[in-house]
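Step one of this worksheet: look at the structure below.
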């Protein structure tokens, strides 16, 4: 499966691609993922970085079960509860994805399913 990343300077600076084109492969639609606690059961309430890392870890695990990897994500929708965390999310996404970023939308919402949740990510991956 071939993927082509349409990279524009402004988008790359914010750790997303303007578009990602793919040919062939299996499409995986990822449900929204949150993380109130880490894999060992430690609370992540109030820990934005911890929640982001755990969310992407869980998405990666789901993709692995589907035969892929986190790098197979072609688009994501990110929901955060505090607009001031947008720049931090961008920094973390750069760390996690390198420079081949999924297309993305970043949306600030009044709240998520539980008050301790600060971020939710859903997406689409193409494995192949």
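Per-structure values
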item: Principal-axis tilt of helix 48-65 within the chain, Cα atoms, nearest 10 degrees; result: 40 degrees
item: Model label zone, residue 65; criterion: amide N under 18 Å from point 7 Å along Cα-to-beta-carbon; scope region 98-126; result: 121-126
item: Estimated 222 nm signal from helices in the chain, with DSSP H stretches of n ≥ 4 weighted -39500 (n - 2.57), rounded to 500; result: -8500 deg cm²/dmol
item: Extension gain (nm, one decimal) between residue 27 and residue 77, 0.36 nm per residue minus Cα-Cα; result: 16.4 nm
item: Between helix 86-97 and the chain: long-axis angle, C-alpha atoms, 0 to 90°, nearest 10; result: 50 degrees
item: Extension gain from residue 38 to residue 87, taking 0.36 nm per residue of separation minus the Cα-Cα distance; result: 15.4 nm
item: Choice from 66, 31, 39 showing the highest fluctuation, given a GNM over the chain with Cα pairs closer than 10 Å; result: 39
item: Pairwise centroid distance, computed over Cα atoms, of region 59-99 with region 14-52, Å; result: 4 Å
item: Radius, Kirkwood style, for the chain when every pair of distinct Cα atoms is counted (Å); result: 14.8 Å
item: Order of 62, 108 under a 10 Å beta carbon neighbour criterion, fewest first; result: 108, 62
item: Rel. contact order, % - alpha carbon contacts under 8 angstrom, at least six apart, the chain; result: 37 percent
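Throughout, read-outs are computed from the coordinates displayed, never taken from laboratory work. Small disclaimer: the values here were computed from a predicted structure and weren't measured. Methodologically, a virtual Cβ is constructed for each residue, glycine included, from the backbone with ideal geometry; neighbour enumeration extends over all protein chains shown.
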